[in-house]
Amino acid sequence: MFQDLRFAFRVLSSKPLFTLAAVTSLALAIGANSAIFGLIDALWLRPLAVPESSRIVRVFSTSHEDRAGDLSYPEFRDLRSQASALKDVVAVGGRGALFDVNGTRRLVTLNMVSANFFTALGIQPALGTMFSEASRKGGAAPVVVIGNAAWHRYFGGDPTIVGKQIRILRVSDASYTVAAVLPASFREIDAGDDRDFWFPEDCWQQLGRLEELEMRGNRWFHVLARLAPGSKIELAQAELKSLGERMSAANSKTNRGRGFRVVSDRSYRLEQAGNSGLGMLAVVMLVVLISAVNVANLLLSRANVRGKEMAVRLALGANRARLIRQLMVESLLLGAGGLGVGAMLGWWLIAWIPSLIVAPPGFDATGDFEFNGRVLGFSLAVTLATTLVFGLVPALRFTRLDLVSALKSGTIFGNGQGRWRWPLRNWLVVAEVAVAMTLLVCSGVLARSFSKTRTADLGFARRQTLLVWIEEGGVTPALYRSIAARFAGLPGVSKVALAIRAPLSLSSGLMFRRVTFPGRTEFAAAPPFEIKYNSVSPEFLDVMGTPVERGRGFDQREESAASDSVLINEAMARRFFAEVDPLGRAIEVSGKMKTVIGVVRNAPINAVGEAPEPYLYLPYWADFGAEVTFFLRTDGDAAALANPARLALKQTDARITPLGITTMNDLIHYSAGRFQIAAELGAVLGILGLVLTAVGLFGVVSYGISQRAVELGIRMALGAGPRETRLLVLKEVATLGVAGAAIGLPLASASTHLLASMLFGVGPWDPPAFAGSAVLLMAVLLMAGFIPARRATAVAPASVLRSA
């Protein structure tokens, strides 16, 4: 084996251009593969950095509308005390707050966790001591655990931070003692996320409202656990099914029709990845396949040049298996070189990925992308598989070697005979073109999808609108009305509206009301439907540009606290009023009778591209609460209103500090971020695949011309001009391209259907993307074929014939 390695190294080093071309082709594919897998690993696949992570399960609350809902804190307590199939049951819920940094307030993310969270999961601090159930008994002082990224971001990695006081403002302005700093390996329970501060449940009286922990229907907690010794998912699911039925019977108002679902943490992450993760992997594997075909063609051409050498070795007694082994060793050396360079390229690309991430407005970008052992292992597996593909193709051809012909001609493989008999290298080019066509179409569809997020109708207008988010304790409608009046008086502001939260804001999808339909027999046996909602002022729909399709919107009649009007969206009208006119119909919303006065066009609630779902609009002043978002519409730059809006707030009430100020366009941009990332990565991979295909075709055409030099020389000597000769070569190139594109068309269609969940505003079968990809591909292929064709016709026929 050592002798084979020495000989392979000598052979490859004797042909540096061939070796460089092969290694570069492999390195580009492996580097792209490493980067995409690193992205998928960081977003979905990386397991929790806790002991026994393989035994971690997640518990979801289920209903008719939702199979992966959160739990309320009372439900968590019941689950923890009654589920014997689970141990180390913990809860975690996320919120936003303001953090005082040297007199400047920053919007930060925080988690409220059960007191046993860190000790039950076995998370060890980088500094300090984690709080536990024992340490939180007896009225312990308020403490906080700082996330590792926040420790560096806000405190410069201060090693003496433990024991110091920090101030957090949410419902009240309070000080907390730093108990510990999280390790860098643990950021959040979901990969790709991060949290700044972590508080025990007993600190919530300073951070939030007690009813958020006490109301059984207030579900905003994620629940994790470990399987008890000897337990399995099926046993835990059966026990929680019984527990859910008992809860439903005991708390019919909040738990009727509700149950629990238990899934392993690994299964949950794979569910989150879904077709998006598979789609991204499939696209990058197309690049790997193109690279493998490219190198296989290079090796075929190289083997043909070495035909006499191989024939002589066989004639001297070497068996075919020995030659195949030698060629496979050469392929493995090329693969090792490609892996080494590709791994370095992948490491650089993974470090570049964070620059693609669109940060939530007002927050810092999150994500922990790293070239770790899983990425390296996956890249190694892909390299080995690719090496087998491109190495075995020319190696196995030796099993059909005609020794006499090889000794006479000096070549191993024929150039094909007859009109439809192509040499193997041509079939490989057809396969390469088919894969490139698939890759280009996928890239084109993703690019058009992203462009649609900038231009398509979302259900509300793309206007310049500033959003000011406030949550204050002890406020009155009069105070918020005075703030709205002061905002309306700012220069450039044309109209002001109010709502609890803005569409596409980070947690707007957590709000819902229980809805029943009195007198509707088809829903009589069903539990109350949990319908998401927003409470809005009469100006809201006009400011947002969301039209009322039927009936009317809110007006001065809904300013009264006694108003019983409600608006529904088109999805709710189709779901619950398919056979009847919803206008004037009575529905019960959280125990209060309401009358439907209008049907509003569907608009996204949580994210651009989500499927429309039933939605309610309630009158803000009749449903007044402490949380509010002011919408300031302007004809100028909305962001320029941020400082005047802050000043107006201070002038109205110096105690009020906004939780966040952003623009509606910023929320749209953030919400469409996943489409942007997909489009950018698709564009890079599409260009890479196109370049590799063009290089591969260039090599095949150049080699084919060298093999046909005498034929072309005779043609030109007999009177064929350079133009006719070039057209002959380009005709063959076009034939290869058309054949490859025809095969690639159904492959592309199947691939874009796999990417359907990543698309917005376009379908998997998008004619402009398919047609544009085909035109671009053929243009590049003809350009790649024209260069060697022109070079061949520039040589004098006499010199070609003399050298024959």
Filter segment 33-77 for residues that are of a type in the set (Ser, Thr, Tyr) and surrounded by fewer than 21 Cβ atoms within 10 Å (Cβ to Cβ); which is farthest from residue 190 (Cα to Cα)?
-> 63
Set 748, 789: member being part of a helix (DSSP H, G or I), in contact with a Lys or Arg (Cβ under 6 Å, 6 or more places away or on another chain) and either modelled with pLDDT of 65 or more or within 22 Å of residue 686 (Cα to Cα) (or both) | 789
State yes or no: is residue 107 in a strand (DSSP E or B), among the aliphatic types (A, V, I, L, M) and open to solvent by 10 Å² or more (accessible area, probe 1.4 Å)?
-> yes
Return a yes/no flag: does segment 356-378 have any residue that is in a helix (DSSP H, G or I) and modelled with pLDDT under 80.
-> yes
When every residue in segment 350-373 that is more than 30 Å from residue 504 (Cα to Cα) and not aromatic (Phe, Trp, Tyr) is compared, the one least open to solvent (accessible area, probe 1.4 Å) is 372
If residue 582 passes every condition in (1) open to solvent by 30 Å² or more (accessible area, probe 1.4 Å); (2) of a type outside the set (A, V, I, L, M, F, W, C); (3) within 18 Å of residue 515 (Cα to Cα) but one, which one does it miss?
-> (1)
The condition from (1) surrounded by 15 or more Cβ atoms within 10 Å (Cβ to Cβ); (2) of a type in the set (Val, Ile, Thr); (3) more than 30 Å from residue 670 (Cα to Cα) that residue 548 misses is numbered (3)
Do any residues in segment 483-497 that are touching a residue at least 40 places away in the same chain (Cβ under 8 Å) and farther than 19 Å from residue 626 by Cβ have Cβ atoms under 6 Å from those of residues that are open to solvent by 20 Å² or more (accessible area, probe 1.4 Å) and in a loop (DSSP other than H, G, I, E, B), where the two are at least six apart or on different chains, and which pairs are they?
-> 492/636; 495/539
How many residues of segment 1-10 are open to solvent by 20 Å² or more (accessible area, probe 1.4 Å), assigned to a helix (DSSP H, G or I) and of a type in the set (A, V, I, L, M, F, W, C)? The answer is 4
From the list 25, 14, which residue is of a type outside the set (D, E, K, R) and open to solvent by 20 Å² or more (accessible area, probe 1.4 Å)?
-> 14
Kindly indicate whether any position in segment 59-77 is within 30 Å of residue 288 (Cβ to Cβ), touching a residue at least 12 places away in the same chain (Cβ under 8 Å) and among the hydroxyl-bearing types (Ser, Thr, Tyr).
-> no
Quickly run through segment 249-265 and pick out the residues that are within 22 Å of residue 189 (Cβ to Cβ) and either modelled with pLDDT under 90 or part of a helix (DSSP H, G or I) (or both).
-> 265
Quick one: how many residues across segment 47-69 are part of a helix (DSSP H, G or I) and polar (S, T, N, Q)?
-> 2
Looking at segment 606-633, which of the residues that are crowded, with 19+ Cβ neighbours inside 10 Å and of a type in the set (D, E, K, R) is nearest to the chain's Cα centre (by Cα)?
-> 633
Pick from 381, 321: which is open to solvent by 40 Å² or more (accessible area, probe 1.4 Å), of a type in the set (A, V, I, L, M), at pLDDT below 85 and assigned to a helix (DSSP H, G or I)?
-> 321
So is residue 232 within 33 Å of the chain's Cα centre (by Cα), more than 30 Å from residue 124 (Cα to Cα) and modelled with pLDDT of 90 or more or not?
-> no
Would you confirm whether any residue within segment 117-131 is assigned to a helix (DSSP H, G or I) and either more than 29 Å from residue 39 (Cβ to Cβ) or open to solvent by 50 Å² or more (accessible area, probe 1.4 Å) (or both)?
-> yes
How many residues does segment 592-605 hold that are open to solvent by less than 60 Å² (accessible area, probe 1.4 Å) and in a loop (DSSP other than H, G, I, E, B)?
-> 4
Would you tally the residues in segment 446-493 being more than 24 Å from residue 171 (Cβ to Cβ), among the polar types (S, T, N, Q) and not in a strand (DSSP E or B)?
-> 5
Residue 577 is checked against (1) in contact with a Phe, Trp or Tyr (Cβ under 8 Å, 6 or more places away or on another chain); (2) of a type outside the set (Gly, Ala, Ser); (3) more than 22 Å from residue 671 (Cα to Cα) and fails just one. What number does that condition carry?
-> (1)
Looking at residue 276, is it open to solvent by 10 Å² or more (accessible area, probe 1.4 Å) and part of a helix (DSSP H, G or I)?
-> yes
Can you give me the number of residues within segment 138-161 that are surrounded by fewer than 18 Cβ atoms within 10 Å (Cβ to Cβ) and within 20 Å of residue 208 (Cα to Cα)?
-> 3
Can you pull out the strands (runs of 3 or more DSSP E) entirely within segment 162-248 that have at least 2 residues that are buried (at least 19 other Cβ atoms within 10 Å of the Cβ) and among the hydrophobic types (A, V, I, L, M, F, W, C)?
-> 173-181, 197-200, 222-227
Residues of segment 592-608 that turn out to be over 18 Å from residue 545 (Cα atoms) and basic (Lys, Arg), as a count | 2
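The values are calculated or read from the model by the stated rules, or taken from the named source; none is laboratory data. Just so we're clear, the structure is a prediction, and the values are computed from it rather than from any experiment. Heads up, the Cβs are rebuilt from the backbone with ideal geometry, glycines too, and the neighbour counts pull from every protein chain shown. Remember, those area values only see protein heavy atoms, side chains included, never the ligands or the DNA or RNA. Shrake-Rupley method; radii C 1.70, N 1.55, O 1.52, S 1.80 Å.
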